1. Answer with yes or no whether GLN42 is surrounded by 12 or more Cβ atoms within 10 Å (Cβ to Cβ) and either at pLDDT 95 or above or in the same structural domain as PRO97 (by TED's automatic domain parsing) (or both).
2. Do we find that LEU72 is outside the structural domain of ARG93 (by TED's automatic domain parsing) and at pLDDT 95 or above in this structure?
3. Are any of the residues in the range 76-86 closer than 30 Å to SER148 by Cβ, among the aliphatic types (A, V, I, L, M), surrounded by fewer than 16 Cβ atoms within 10 Å (Cβ to Cβ) and not assigned by TED's automatic domain parsing to the domain that holds THR122?
4. Do any helices (runs of 4 or more DSSP H) lying entirely in the range 57-159 carry at least 2 residues that are more than 30 Å from ARG24 (Cα to Cα) and within 22 Å of the chain's Cα centre (by Cα), and which ones are they?
5. Inspect all residues belonging to the range 49-67 and state whether any of them is touching a Ser or Thr at 6+ places or on another chain (Cβ under 8 Å) and under 30 Å from SER148 (Cβ atoms).
6. Could you list, in sequence order, all residues of the range 95-141 that are over 17 Å from LEU82 (Cβ atoms) and of a type in the set (A, V, I, L, M, F, W, C)?
Amino acid sequence: MSEEEFSSFDKEKEYSSSLVRAYRFLAMRDYSRQEMRNKLIQKGASEEIAERVLRVLEEQKYIDDEQYARDLVNHCQRVKKLGYYGILREMKRKGLPEEMIRNTLEEEYSEETEKENIAVLTEKKLNLGKDPDKVILFLKNKGYEWNSISEVIGGRFKL
């Protein structure tokens, strides 16, 4: 076997193992393109092989950043009960493109759900005997804007 054939064989082996590894990752949860790329490289794949694997995963619809972004907004708002800026922070952390983040938030973010979440979280914290100032700080840390917080809970206690 020539050195060139050996190198080609080695690259195919790296590609195959990286693809299998990607499928295993995806069996656990969904990933953005950037997250998967970072994960593959972290596990030893070359950039060339990682890109090749990503192309296959995108063709097979296992990696779809637009769908991932929509699902992430809905999950963060309904399950994690994050505010607009909390979701924005999460989307950036996942490596989604800026324009996609803006468009997805514009289409998917619900101000009605935001107000419901603020009310639910506030009620829960106050029932636990939390100080109103700490409740407000908690809400801001979850990514809610001051205007939304004050609009929803402003009548409950002096802000």
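The values are calculated or read from the model by the stated rules, or taken from the named source; none is laboratory data. Fair warning: this is a prediction, and the values are worked out from it, not measured in the lab. Here the Cβ positions follow ideal geometry from the backbone for every residue, glycine too, while neighbour counts run over all protein chains shown.
1. The answer is no for GLN42.
2. So LEU72 fails the test.
3. The answer is yes, given that some residue of the range 76-86 is closer than 30 Å to SER148 by Cβ, among the aliphatic types (A, V, I, L, M), surrounded by fewer than 16 Cβ atoms within 10 Å (Cβ to Cβ) and not assigned by TED's automatic domain parsing to the domain that holds THR122.
4. 84-93, 98-108, 111-127, 132-141
5. The answer is yes; a qualifying residue exists.
6. MET100, LEU126, LEU128, listed by residue number.
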